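Quick note: the coordinates plus some simple rules give every number you see, no bench work behind them. In this text the structure is predicted, and so the values were computed from the model without any measurement. In this analysis, Cβ positions are derived from the backbone assuming ideal geometry, glycine residues included, and neighbour counts consider all displayed protein chains.
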Amino acid sequence: MKRIVIGTAGHIDHGKTSLIKALTGIDCDRLKEEKERGITTELGFAHYRFSDDLLVGIVDVPGHEKFVRHMVAGSWGIDIVLLVVAADEGVMPQTREHIDICTMLGLKKAIVAITKKDLVDDEMLELVKEDIGDFLKGTVFADSPHIPVSSVTGENIEALKTAIRDVAMSTQERSRSGIFRLPVDRVFTIKGLGTIITGTCISGYVEVGEEIEIYPFNRRARIRNIQAYHEDTKEAAAGQRVALNLQGVDRQEIERGAIIGRPGTLLPTARIDASFRYLKLPFKGIKSDTILRFHVATMLEEARIVLLDRDIIEPGDEAYTQFVFRKPVVALPGDRFILRGSYQVQTIGGGTILDIAPTRHKRMSSNLSDSYRVLNRGSILDKALYHIRKGGHGGMDKVMLSVLLGVDQRTLTDTMEELKKALKIKEIGRFIVDMERFEGYKGLLKGYVIDFHEKNPLKIGISREELRTRLPRVEPVMFQTALEESIEGGWIRVEQDKVIGATKTESVQALDSMEEEILMSLKRYGLTPPNLKEFAQELGKTEKQTRDILERLVHKKKVVKVKGDIYLEGEVVSRLKDTVVDYMKEKGEMAPGDFRALFNISRKYTIPILEYLDDIKLTIRVGDKRVLRSQKNA
């Protein structure tokens, strides 16, 4: 069955609610206040099953200027506008504002119902038709069918139903693909059931039993039940008016403006880039940094408009803008928004969201036009590359990329395959990186290793961890892949934990001589080597040269670094370990005093060496004594 959603539009008291009742038999005014005052103040909902192949949901919106926020919220997710104009009044201010809103939201199809036909004569009816024709001339709704009706007598109601059916059948049904989103337009509780939310599903689908997230409130719940048009169903899909019974969340934790989605698939943001069109109104230009009211989906938030390519936008102009919000909003690229004045509350324009996670741009920058062109008119491949490159050397997480593009994982996978075939990107784990950026990162890695050798000619190489922290920050898997590809390319080699440039050359004879000199001197000191400064002076070398040679010897396992700048010759350490093992096998344990007496050394060396023996898991501390780890575990 095809499912289409229709929304009313029109001035207050032009008979929108009465018309829906005549069409469907459902009274959309459910509140006591609405019935007493005779005006609609909240959104109302109805539906009509035209046949086995068409079900139409209807959203009834308030016509009063004070309730335009509700009108905007209700218009999100509709496919067809049912414009209601009373025959005894014609086009009125809210008629114009509602049509401006529908145009800004990108709606293309409308049906005009001229209500209260029973109150006017034929001449007046013709004048109203001309008035409507002139009003819609030049808009996307210019060729919409006009049906004069009377909700009181029922005249032409069947003709209006036929027109609705014809337009609905020619309207493309919303796709089930895409990221699931359900903007909340109503929240209430039912005794015994708990929290209920309603809204129009604008993309994707969700099933009973699934976990959902309530954005931007960072709350999760589970779907206990789903109803579409008062009937239980297993899923909510795009193009349906639905009610979700949520388990695990209280009524007070949700409000109109929330977005229901799957966990981790949407992104609350305090900044967006957008294309904005200022309506041709008798108003002044809007300056950059002006505070305005920003409507998207069922949300309303205050936003500061930042004009990126000018200082002021005049009525009728379109511009590349950035909006900065006081509170996070939840939207996807391609979403339409409405702007209303902060003080003079009137619709002033709208546009299309382009980027939901932009950087702070430098205004009037020369590269802004390229960004605007890609985001506004580029293909999905162009936009994917834009966001991937925005991630720099670190690339972009796949899940985040799907959100930034506003597509589901299947569409993202297809897009990535095309870019990989064109050798534009590289996939590394859960990340996508621009191929040029990745090659640049490998170039930085190679350059830093070469630079390290030039500045440290006596060192064998740089440790992996130091190299990783010196390079631009990326995920560990990105660094490891760059390292492995650099090894395969013959740029570098890795020995133990040291990264060494493939072109590194050194005087083997000179180095061997220095190493041998240090080894002999260190061996002579046994367990009581001098501090590094004294040792370097004795050798006639700088501290850096001495430390670099010692580290080379540590790498070659000829010297042991005990702690800090305490280095011991390898054979000395071997005899030390043998002596300790023999002592403990005989005595069972060893106190620090026993160790000092056994080796005739001071506390300065005793504690670091004992801790070293613990670190290499030869001994283990029990109280203030040591025992062999093997004995402890026996």
| request: Using only alpha carbon pairs under 8 Å that are at least six residues apart, calculate the relative contact order of region 354-424 and give it in whole percent. | output: 28
| field | Within the chain, helix-based [θ] at 222 nm, where runs of 4 or more DSSP H residues each add -39,500 (n - 2.57), nearest 500 | value | -11000 deg cm²/dmol
| message | Using the Cα centre of region 229-320 as the reference point, and only Cβ charges (+1 on K/R, -1 on D/E), how large is the resulting charge dipole? Debye, rounded to the nearest 20. | response | 160
| Can you tell which of A591, G209, P93 lies farthest toward the positive end of the dipole of the chain, using +1 and -1 charges on the Cβ of basic and acidic side chains (Lys, Arg; Asp, Glu)? | A591
| message | I'd like the distance separating the alpha-carbon centroids of region 328-403 and region 595-634, in whole Å. | response | 62
| query | Separation between the V324 and R389 pseudo-spin-labels, each 7 Å from Cα along Cα→Cβ, expressed in nm? | reply | 2.6
| For A591 and S574 in the same chain, what is the full-extension length gain: residue separation times 0.36 nm, less their Cα-Cα distance, in nm? | 4.1 nm
| task | Mind giving me the nanometre distance, one decimal, between the label points for S51 and A270, set 7 Å out from Cα along Cα→Cβ? | result | 5.5
| note | For region 301-309, in residue order, the Karplus 3J(HN,Hα) values (coefficients 6.51, -1.76, 1.60; θ = phi - 60°; whole Hz; Gly and Pro = x) are 9, 6, 9, 9, 8, 10, 7, 8, 10
| task | Determine the shape class of region 182-261: with a ≥ b ≥ c the square roots of the Cα gyration tensor eigenvalues, call it rounded for a/c under 1.5, and otherwise prolate if a/b is greater than b/c, oblate otherwise. | result | rounded
| note | Once amide hydrogens are built 1.01 Å from N within the peptide plane, the residues lying 5 or more places from D565 or on another chain with amide H under 5 Å from its amide H are none
| Percent antiparallel among DSSP beta bridges with both residues in region 2-169, to the nearest 5? | 25
| task | Quick one: what are the phi-derived ³J(HN,Hα) couplings along region 563-579, Karplus 6.51/-1.76/1.60 with θ = phi - 60°, whole Hz, x for glycine and proline? | result | 6, x, 9, 8, 10, 10, 5, x, 5, 4, 5, 4, 5, 4, 5, 4, 5
| field | Calculated FRET efficiency for the pair R629/S521, C-beta based, R₀ 30 Å, to 0.05 | value | 0.40
| task | Find the relative contact order for region 2-169 and round it to a whole percent, using C-alpha pairs within less than 8 Å whose residues are 6+ positions apart. | result | 24
| request: Using Cα centres only, tell me the gap between region 268-325 and region 572-594 in whole Å. | output: 77
| What's the center-to-center distance, using Cα atoms, between region 431-461 and region 206-256 in Å? | 51
| field | 5 angstrom amide H check on S463, placed H, neighbours 5+ away | value | V499
| said: Could you tell me which residue out of H555, T528, L568 lies farthest along the dipole of region 513-581 toward its positive end? Charges go on the beta carbon: Lys and Arg +1, Asp and Glu -1, centred on the Cα centre. | reply: H555
| field | Listed candidates (1) 204; (2) 196; (3) 235 - label of the one calculated as volume of the Cα convex hull per residue in Å³ | value | (3)
| said: Tell me the relative contact order for the chain as a rounded percent, counting alpha carbon contacts under 8 Å between residues six or more apart. | reply: 7
| remark: Subtracting the Cα-Cα distance of R219 and K556 from 0.36 nm times their residue separation yields 115.7 nm
| note | Given a Förster distance of 51 Å, the FRET efficiency implied by the Cβ-Cβ spacing of T359 and S175, rounded to the nearest 0.05, works out to 0.95
| Virtual spin-label span in nm between N367 and Q537, 7 Å along Cα→Cβ | 5.4
| field | Within straight-line cross-link reach of K16, lysines at Cα separation under 26 Å, skipping those fewer than 8 residues along the same chain | value | K2, K32, K35, K66, K108, K109, K116, K117, K129, K137, K161
| remark: Given a Förster distance of 41 Å, the FRET efficiency implied by the Cβ-Cβ spacing of E466 and F188, rounded to the nearest 0.05, works out to 0.10
| lysines with Cα under 24 Å of K424, excluding same-chain neighbours fewer than 8 positions away | K383, K390, K398, K442, K446
| Any idea what the dipole of the chain comes to, in debye rounded to 20, about its Cα centre with Lys/Arg Cβ at +1 and Asp/Glu Cβ at -1? | 2600
| Placing +1 at every Lys and Arg Cβ and -1 at every Asp and Glu Cβ, with all other atoms neutral, what dipole size does region 487-634 have around its Cα centre, in debye to the nearest 20? | 460
| field | Whole-Hz ³J(HN,Hα) from phi, Karplus 6.51 cos²θ - 1.76 cosθ + 1.60, for region 118-123, glycine and proline x | value | 6, 9, 10, 8, 5, 5
